[in-house]
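Here it is, the structure in full.
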Amino acid sequence: MHTTSLAAPPTPLSARRRWTVLAVCALSMFLVGVDATIVNVGLPEIGRGLGAGTRGLEWVVDAYTVVMASLLIVSGALADRLGRRRVFRCGLLVFGLASVACALAPSLGVLVAARAVQGIGASMLSPVALAIVVAAMPDPRERARAIGVWASVFGLSMAAGPVTGGALIAAFGWRAVFWFNVPVVVLALLLVALFVPESRGERARRLDLPGQALLTLLLCLTVGLLIEGPRIGWSSPAALAGYALTAAATACFVRVERGRDEPLMDLGLFRRPPFVTAVLGATAVFVALNVTLLLSTLYLQHGRGWTPLASGAATLPMALGATLCAPWSGVLVGRVGPRRPLVLAGGFTAAGGLCLVGLDGDTGVPLILLAFLLIGIGFGFANAPLTNTAVGGLPPSRAGVAGAITSTSRQVGVAVGIAVAGGLVAGAGDAGLAAAARPGWLVVSACGLFLLVVARTAGTRR
């Protein structure tokens with residue numbers, strides 16, 4: 001038998017301290033979000049510097065996101081068990097050291113491996129930050145506003161990554177996008193030590209190592225097939241073997257999780273329609289964002305000859321839309337619930353994708369910028385209602401695991417979006433990039449339309 005430990009009731013924090021904790025966690029989440037997208041704008045430069053092709057470059061992004069996604073849930077459980085601040089600080093340290101390794105990487109293989117280690121560190125940050133915020137905000141309305149701010153910062157970081165990356169690359173080269181992390185990590189470690197209190201889940205949970213191994217295998221197989229499928233052929237023997245392994249891993253994962261008293265992923269949560277649709281909606285939002293970022297980066301730099309700085313600057317409307325609308329979305333969630341901001345998110349995202357379905361080499365810059373603005377607005381409106389819907393209906397003591405499941409779905413969306421976009425354009429020359437990318441913009445629109453479906457479920461009673 002395992003022992004059950006009850007954490008002592010936490011001392012209530014003052015309003016100033018609560019919002020300081022939120023600011024510190026938001027800074028760390030800004031770092032994770034920026035790193036997920038800052039690399040995108042630098043991929044062409046990394047490819048030239050290390051002699052890598054499109055598929056190799058996809059792994060520079062997806063090694064980070066796949067490892068991060070596969071470990072988020074166990075990191076959330078560890079934080080609930082060992083202490084959220086302790087795990088959070090460990091994650092910052094691992095992330096910072098891995099960033100140094102990325103900046104010094106002499107080859108593509110070393111860079112991909114260092115990015116995977118970065119993913120380990122990032123997995124200790126994303127769900128734990130949200131759990132710390134939820135634990136510090138006992139009032140539901142204040143928590144909804146705090147989640148709105150948290151989602152706003154995270155959304156801003158994802159959208160601001162390409163702009164920041166373009167400026168750094170123009171000034172210092174592609175390695176600067178990794179050196180950028182180091183002073184931020186040092187500052188975050190100092191602030192966490194000063195202001196963030198320790199907290200734990202009410203009940204210590206056993207680690208589910210078989211479930212963790214199967215989840216990691218499942219995610220690696222899925223993303224690997226999406227990336228390598230165009231090269232090996234979707235009906236090749238290798239691909240068919242991959243499908244069979246993926247199906248077997250899925251079946252084994254479900255069976256193992258159903259048979260455990262304390263599973264890695266509580267499959268019973270997926271019987272709650274609001275939770276399920278929030279998780280799927282978060283995946284769709286990040287598929288749309290990352291398809292947009294990768295396709296636009298390759299199209300603008302290779303198809304139209306823009307510099308990294310210019311292509312990064314072109315995403316400023318996206319960052320502006322996300323920055324302005326994410327706080328508004330948090331306010332709307334607190335006042336009227338998640339349905340209205342989700343409808344806005346879906347409509348704007350779908351409209352942005354539709355703007356570019358006819359993209360060619362002569363498409364006007366104003367139309368491209370308009371599309372980026374619409375997608376950024378949609379992204380800004382989406383995060384707060386999705387996060388609130390997924391986390392709000394679960395016990396606070398499970399906040400680490402609940403946040404981890406939602407964060408896992410986001411990172412799966414990142415990995416799938418990169419793999420889909422890369423698969424569409426991997427074999428296209430510079431002149432054919434625009435035409436090859438057109439199905440990707442339909443994917444973006446479809447993700448927006450799916451959010452309208454999510455809005456209907458989110459508006460129902462739990």
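The values are calculated or read from the model by the stated rules, or taken from the named source; none is laboratory data. As the structure is a computational prediction, the values presented were derived from the model and not from experiment. Using ideal geometry, Cβ is built from the backbone for each residue, glycine included, and neighbour counts are taken over all protein chains shown. Ligands, DNA and RNA are stripped out before the accessible areas are found, and what is left, the full protein with its side chains, is counted by its heavy atoms. Shrake-Rupley method; radii C 1.70, N 1.55, O 1.52, S 1.80 Å.
Can you tell me which residues in the range 41-51 are of a type in the set (A, V, I, L, M, F, W, C) and open to solvent by 20 Å² or more (accessible area, probe 1.4 Å)?
Result: LEU50, single match.
Residues being farther than 13 Å from VAL41 by Cβ and crowded, with 20+ Cβ neighbours inside 10 Å: count how many of those fall in the range 172-191.
Number satisfying all stated conditions: 4.
Here is a follow-up. Kindly indicate whether any position in the range 68-86 is over 30 Å from PRO263 (Cβ atoms) and not in a loop (DSSP other than H, G, I, E, B).
First, the residues of the range 68-86 that are over 30 Å from PRO263 (Cβ atoms): none.
Looking through the range 68-86, none of the residues is over 30 Å from PRO263 (Cβ atoms) and not in a loop (DSSP other than H, G, I, E, B).
A follow-up question, please. Tell me, yes or no, whether the range 130-140 has at least one residue that is out of contact with any Phe, Trp or Tyr (no Cβ under 7 Å at 6 or more places or on another chain), surrounded by fewer than 24 Cβ atoms within 10 Å (Cβ to Cβ) and free of Cβ contacts under 8 Å to residues at least 24 places away in the same chain.
yes
Here is a further query. Take the residues of the range 224-237 that are under 23 Å from VAL67 (Cβ atoms) and of a type in the set (A, V, I, L, M, F, W, C): which is surrounded by the most Cβ atoms within 10 Å (Cβ to Cβ)?
In this case the residue turns out to be ILE227.
Applying the selection to the range 208-265, what residues are part of a helix (DSSP H, G or I), touching a residue at least 60 places away in the same chain (Cβ under 8 Å) and more than 21 Å from the chain's Cα centre (by Cα)?
GLU228, GLY229, PRO230, ARG231
Now for a different question. Here are some residues: LEU240, LEU245, LEU215. Which one is aliphatic (A, V, I, L, M) and under 28 Å from VAL454 (Cβ atoms)?
Every option except LEU215 fails the conditions.
Right, something else. If you check ALA116, ALA101, which single one turns out to be in a helix (DSSP H, G or I), open to solvent by 10 Å² or more (accessible area, probe 1.4 Å) and modelled with pLDDT of 95 or more?
None of the other options fit; the residue is ALA101.
Quick check on this structure: which one of GLY392, GLY429 is over 22 Å from TRP306 (Cβ atoms), open to solvent by 20 Å² or more (accessible area, probe 1.4 Å) and at pLDDT below 85?
GLY392
Would you mind listing the helices (runs of 4 or more DSSP H) fully within the range 126-191 where at least 3 residues are modelled with pLDDT of 90 or more?
Numbers: elements: 126-136, 140-172, 176-179.
In the range 126-191, the matching helices (runs of 4 or more DSSP H) lie at 176-179.
Which one is modelled with the lowest pLDDT, of the residues in the range 266-278 that are open to solvent by less than 60 Å² (accessible area, probe 1.4 Å), closer than 19 Å to LEU219 by Cβ and assigned to a helix (DSSP H, G or I)?
LEU269
Could we say that THR65 is closer than 20 Å to ALA419 by Cα, open to solvent by 10 Å² or more (accessible area, probe 1.4 Å) and of a type in the set (Ser, Thr, Tyr) here?
Details: closer than 20 Å to ALA419 by Cα: yes; open to solvent by 10 Å² or more (accessible area, probe 1.4 Å): no; of a type in the set (Ser, Thr, Tyr): yes.
No, not satisfied.
How many residues does the range 320-343 hold that are in a helix (DSSP H, G or I) and either touching a Pro at 6+ places or on another chain (Cβ under 7 Å) or open to solvent by less than 10 Å² (accessible area, probe 1.4 Å) (or both)?
Here the count works out to 9.
So how many residues does the range 349-361 have that are open to solvent by 50 Å² or more (accessible area, probe 1.4 Å) and either among the basic types (Lys, Arg) or in a helix (DSSP H, G or I) (or both)?
Total meeting the criteria: 1.
Does PHE88 satisfy the criteria of being among the aromatic types (Phe, Trp, Tyr), modelled with pLDDT under 85 and open to solvent by less than 20 Å² (accessible area, probe 1.4 Å)?
No, not satisfied.
Here's a check for you: in the range 406-439, which residue that is in contact (Cβ under 8 Å) with a residue 40 or more places away in the chain and not in a helix (DSSP H, G or I) is farthest from ILE227 (Cα to Cα)? Don't jump to the end; show me each part of the working.
In the first step, residues of the range 406-439 are kept if they are in contact (Cβ under 8 Å) with a residue 40 or more places away in the chain; the result is 406-427, 430-431, 433-435, 437-438.
Filter again for not in a helix (DSSP H, G or I), leaving 426-427.
Values: ALA426: 9, GLY427: 12 Å.
So the residue we want is GLY427.
Can you tell me which condition GLY364 does not meet? The list is (1) open to solvent by 20 Å² or more (accessible area, probe 1.4 Å); (2) modelled with pLDDT under 90, and all the others hold.
Tallying (1) open to solvent by 20 Å² or more (accessible area, probe 1.4 Å); (2) modelled with pLDDT under 90, GLY364 fails exactly one: (2).
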